[in-house]
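Trainee: The structure that follows is given in the form of structure tokens.
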Amino acid sequence: MLTEISQFYKTCSEPVRLRILNILLNNQKVCVCDLVTTLALQQSMVSRHLTYLKNADIVTVSRSGTWRYYELNTELSADKLAVLKILKTQLMNHEQCCADINQFKTSCCD
């Protein structure tokens with residue numbers, strides 16, 4: 001249990017993953033290509049960070065054709081959801097995170 005808690009906070013502590021979480025906290029389902037466009041990062045880097053989030057059970061992935069969609073895990077415990085809610089509030093005050101939300105558009109996979 002302690003390892004799981006540690007892994008959760010460690011996963012949430014990286015800046016790129018915080019930006020991804022910020023977008024996921026403000027959108028229901030997100031395609032990798034839309035994250036790549038918004039974050040202005042290489043697809044391999046975005047995918048690597050999404051894998052960390054998936055391995056920590058923070059996000060889930062689904063497929064539709066060739067596209068992969070990520071969303072917050074709806075089965076997260078109440079305490080983890082509470083932490084993410086606080087995180088969302090904190091990220092709303094960060095300039096880069098606000099810019100990401102304003103720039104984010106779902107487009108290429110719909």
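Trainee: Assuming a ≥ b ≥ c are the square roots of the Cα gyration tensor eigenvalues, decide whether region 2-103 counts as rounded (a/c under 1.5), prolate (otherwise, with a/b larger than b/c) or oblate.
Mentor: On the way: a/c = 1.57, a/b = 1.16, b/c = 1.36.
Because a/c hits 1.5 or more and a/b fails to exceed b/c, region 2-103 counts as oblate.
Trainee: Tell me, what ³J(HN,Hα) does each residue in region 21-37 have, in order and in whole Hz, if you take phi through Karplus 6.51 cos²θ - 1.76 cosθ + 1.60 with θ = phi - 60° and put x for Gly and Pro?
Mentor: With the stated coefficients, region 21-37 comes to 4, 4, 5, 5, 5, 10, 9, 6, 9, 10, 8, 4, 4, 5, 5, 4, 5 Hz.
Trainee: A further question on this structure: With +1 on each Lys and Arg Cβ and -1 on each Asp and Glu Cβ, how big is the dipole of the chain about its Cα centre, in debye rounded to the nearest 20?
Mentor: 120 debye
Throughout, read-outs are computed from the coordinates displayed, never taken from laboratory work. Just so it is clear, the structure is predicted and the values come from calculations on it, not from any experiment. For neighbour counting, all protein chains shown are included, and Cβ atoms are generated from backbone atoms with ideal geometry for every residue, glycine included.
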